[in-house]
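Below: one structure, written as structure tokens.
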Amino acid sequence: MGVVLQCNNFEVIDLGVMVPAAKILETARAERVDMIGLSGLITPSLEEMAFVAGEMEREGFTIPLLIGGATTSKAHTAVKIAPHYGQPVVHVADASRAVGVASSLTSDGLREQFVADVTAEYQAVREARADRATQAPRQPIAAARANKAKIDYLAHVPPVPTFTGVRTFDDVPLEELVGRIDWTPFFQTWELAGHYPDILKDPVVGEAARSLWADAQAMLDRVVRERWLKARAVVGFWPANSDGAEDIVLFADHARTTPLATVHTLRQQMVKGDGRPNWALADLVAPKATGVADWFGAFAVTTGLGLDERVAAFEADKDDYSSIMIKALADRLAEALAERMHERVRRELWAYAPSETLDNAALINEAYQGIRPAPGYPACPDHTEKGTLFRLLEATERAGITLTESYAMLPASAVSGYYFWRPESQYFGVGKIEKDQVEDYARRKGLEVPVVERWLSPVLGYNR
Ligand code: SAM
């Protein structure tokens with residue numbers, strides 16, 4: 001947002017990243033600013049934004065609060081942030097809109113109508129939200145199970161991976177990753193909207209994008225040549241079968257007699273029309289009862305080893321720009337490593353698509369067989385399942401990736417997930433779920449229902 005506003009004659013005081021609320025408000029007061037902007041940049045803290053809004057209310061601020069950044073949304077701003085502050089809180093969907101929003105808010109002629117419109121719109125979003133969560137028709141878990149994905153498990157003999165258990169890929173050459181980078185999210189990190197490479201020619205943000213791009217290439221070149229970051233991956237495969245419902249049981253042996261771990265998945269409970277199934281990821285693994293010897297894979301990768309030292313050095317030099325740049329590049333490299341390992345899994349490690357040759361655009365479009373869903377994402381929204389994943393992969397010991405108490409990965413430039421090989425594999429969202437499934441899930445995980453409800457609160461379709 002800042003870059004674009006500055007180009008349009010707004011004076012922007014950039015406080016950098018991870019700035020405490022008190023400092024933001026103190027600076028806003030001292031500098032008599034016309035508005036405050038918060039961005040979900042790099043380390044998004046949506047709760048922190050709500051906190052800043054509450055502090056503005058408590059301290060009697062009257063200036064507008066703008067919310068932007070790739071991880072924010074209008075719905076989130078309306079539902080979670082705006083209610084904390086009695087003054088205008090406006091979501092800025094992308095950098096190109098920042099100028100319009102800021103101009104409207106500072107114009108005597110436009111401000112009143114603009115604020116009235118936004119307030120009414122956000123109120124409507126909140127009401128629609130409240131209605132949708134409680135009114136969208138859902139069915140009992142038993143009925144959803146009866147409508148599980150109809151997969152012919154006997155149609156293919158499951159491909160046998162080239163190894164069982166976990167393998168570490170230490171110090172993957174960064175050169176291998178550069179060509180696998182998806183650059184579009186890089187520009188989103190800097191709040192420049194548009195697809196790479198078209199964004200470089202965009203009439204509005206093209207100039208800012210080109211300058212950022214040149215800086216990124218220069219730093220990436222040094223990251224690779226001078227080995228600023230180290231890339232490490234762990235990949236594992238295990239004999240596995242589903243229990244016919246939502247659990248995937250992994251076995252320690254090929255005879256499938258000794259259970260090793262259970263991956264718990266969740267099933268969609270919305271009422272579906274026209275023969276569409278109620279998906280759970282477990283549907284992608286043959287049920288034990290079929291007698292089919294199926295397999296399950298998982299991975300964790302990081303390119304964040306060495307990052308903290310670089311960031312500290314840039315920050316010591318007060319070079320916030322480079323500090324954000326290196327973090328953004330490390331994030332891109334981590335995704336590229338996930339992409340590269342998945343490609344190797346399909347072609348040589350699980351080897352179910354040995355002759356696949358896809359260019360980077362096709363990889364980004366997921367034009368391959370199989371998926372790599374990540375816990376915390378819509379098909380598997382329970383972050384705590386990363387605990388099982390990390391134990392299985394020995395991700396901390398082997399790759400130096402740890403989980404925080406809230407199951408975030410450290411270093412932050414890390415990606416983890418499951419591998420499913422079946423041609424029927426697809427991403428989906430579990431959506432809102434009902435208490436009957438939550439109780440069943442809690443029993444399967446050996447946890448108290450309120451504990452599970454806390455972790456699953458974003459997907460609960462009922463009030464606790
Ligand atoms: N090219 C992108 C990049 O570089 O940022 C890839 C990352 S993007 C976040 C896509 C990844 O998110 C998928 O590979 C998968 O791990 C995860 N993902 C997306 N949709 C998902 C869903 N519905 N359920 C689970 N995981 C999902």
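The values are calculated or read from the model by the stated rules, or taken from the named source; none is laboratory data. This is a predicted model, so every value here is computed, not measured. Quick reminder, even Gly has a Cβ in these numbers, built from the backbone with ideal geometry, and neighbours come from all protein chains shown.
Below is a table of values for the structure above.
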item	result
Failed item in (1) away from the ligand (no atom under 16 Å from the Cβ); (2) free of Cβ contacts under 8 Å to residues at least 12 places away in the same chain, with Y352 passing the rest	(2)
Condition broken by P411, with the remaining ones in (1) at pLDDT 95 or above; (2) crowded, with 17+ Cβ neighbours inside 10 Å; (3) touching a strand residue (DSSP E or B) at 6+ places or on another chain (Cβ under 8 Å) satisfied	(1)
Qualifying positions in the stretch 56-74 - in contact with a Phe, Trp or Tyr (Cβ under 9 Å, 6 or more places away or on another chain) and part of a helix (DSSP H, G or I)	M56, E57, K74
Condition broken by R222, with the remaining ones in (1) in contact with a Phe, Trp or Tyr (Cβ under 9 Å, 6 or more places away or on another chain); (2) more than 30 Å from V430 (Cβ to Cβ); (3) within 16 Å of the ligand (Cβ to nearest atom); (4) not hydroxyl-bearing (S, T, Y) satisfied	(3)
Test: residue in the stretch 377-385 that is under 28 Å from D14 (Cα atoms), modelled with pLDDT of 95 or more, surrounded by 15 or more Cβ atoms within 10 Å (Cβ to Cβ) and out of contact with any Asp or Glu (no Cβ under 9 Å at 6 or more places or on another chain)	no
Residue match in the stretch 92-103 (condition: farther than 23 Å from A22 by Cα, free of Cβ contacts under 8 Å to residues at least 60 places away in the same chain and buried (at least 20 other Cβ atoms within 10 Å of the Cβ))	yes
Single match in V118, V157 (criterion: more than 27 Å from the chain's Cα centre (by Cα), farther than 26 Å from P88 by Cα and either surrounded by fewer than 13 Cβ atoms within 10 Å (Cβ to Cβ) or away from the ligand (no atom under 16 Å from the Cβ) (or both))	V157
Among the residues listed as G291, G273, the single one being under 23 Å from I433 (Cα atoms) and surrounded by fewer than 24 Cβ atoms within 10 Å (Cβ to Cβ)	G273
Some residue of the stretch 388-407 being part of a loop (DSSP other than H, G, I, E, B), among the small types (G, A, S) and in contact with a Gly (Cβ under 6 Å, 6 or more places away or on another chain)	no
Residue check, I401 surrounded by 15 or more Cβ atoms within 10 Å (Cβ to Cβ) and more than 12 Å from the ligand (Cβ to nearest atom)	yes
Qualifying residue in the stretch 294-302 (condition: under 30 Å from A442 (Cα atoms), more than 16 Å from the ligand (Cβ to nearest atom) and touching a residue at least 60 places away in the same chain (Cβ under 8 Å))	yes
Filtered residues of the stretch 318-331 (kept if of a type in the set (K, R) and within 15 Å of the ligand (Cβ to nearest atom))	K327
Meets criteria (crowded, with 17+ Cβ neighbours inside 10 Å and among the charged types (D, E, K, R)) for R443	no
Residues (of a type in the set (A, V, I, L, M, F, W, C), over 29 Å from the mean Cα position of the chain (by Cα) and not in a loop (DSSP other than H, G, I, E, B)) located in the stretch 1-24	C7
Options E424, E439; residue that is within 16 Å of the ligand (Cβ to nearest atom) and either in a helix (DSSP H, G or I) or of a type in the set (D, E) (or both)	E424
Some residue of the stretch 110-131 being closer than 30 Å to G275 by Cβ and not acidic (D, E)	yes
Some residue of the stretch 162-180 being aromatic (F, W, Y), surrounded by fewer than 18 Cβ atoms within 10 Å (Cβ to Cβ) and either in contact with a strand residue (DSSP E or B) (Cβ under 7 Å, 6 or more places away or on another chain) or at pLDDT 95 or above (or both)	yes
Single match in R340, R276 (criterion: within 12 Å of the ligand (Cβ to nearest atom), within 24 Å of A379 (Cβ to Cβ) and among the basic types (K, R))	R340
A334 assigned to a helix (DSSP H, G or I), within 11 Å of the ligand (Cβ to nearest atom) and of a type in the set (A, V, I, L, M)	yes
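Rundown of residues vs (1) within 12 Å of the ligand (Cβ to nearest atom); (2) over 15 Å from the mean Cα position of the chain (by Cα); (3) part of a loop (DSSP other than H, G, I, E, B), yes/no style:
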site: R346; (1), (2), (3): no, yes, no
site: T357; (1), (2), (3): no, yes, yes
site: E366; (1), (2), (3): yes, yes, yes
site: P373; (1), (2), (3): yes, no, yes
site: D382; (1), (2), (3): yes, no, yes
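Residues are listed down the side, and each one gets a yes or a no for (1) of a type outside the set (F, W, Y); (2) in the same structural domain as V345 (by TED's automatic domain parsing):
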| site | (1), (2) |
| --- | --- |
| R398 | yes, yes |
| P411 | yes, yes |
| Y427 | no, yes |
| V438 | yes, no |
| R444 | yes, no |
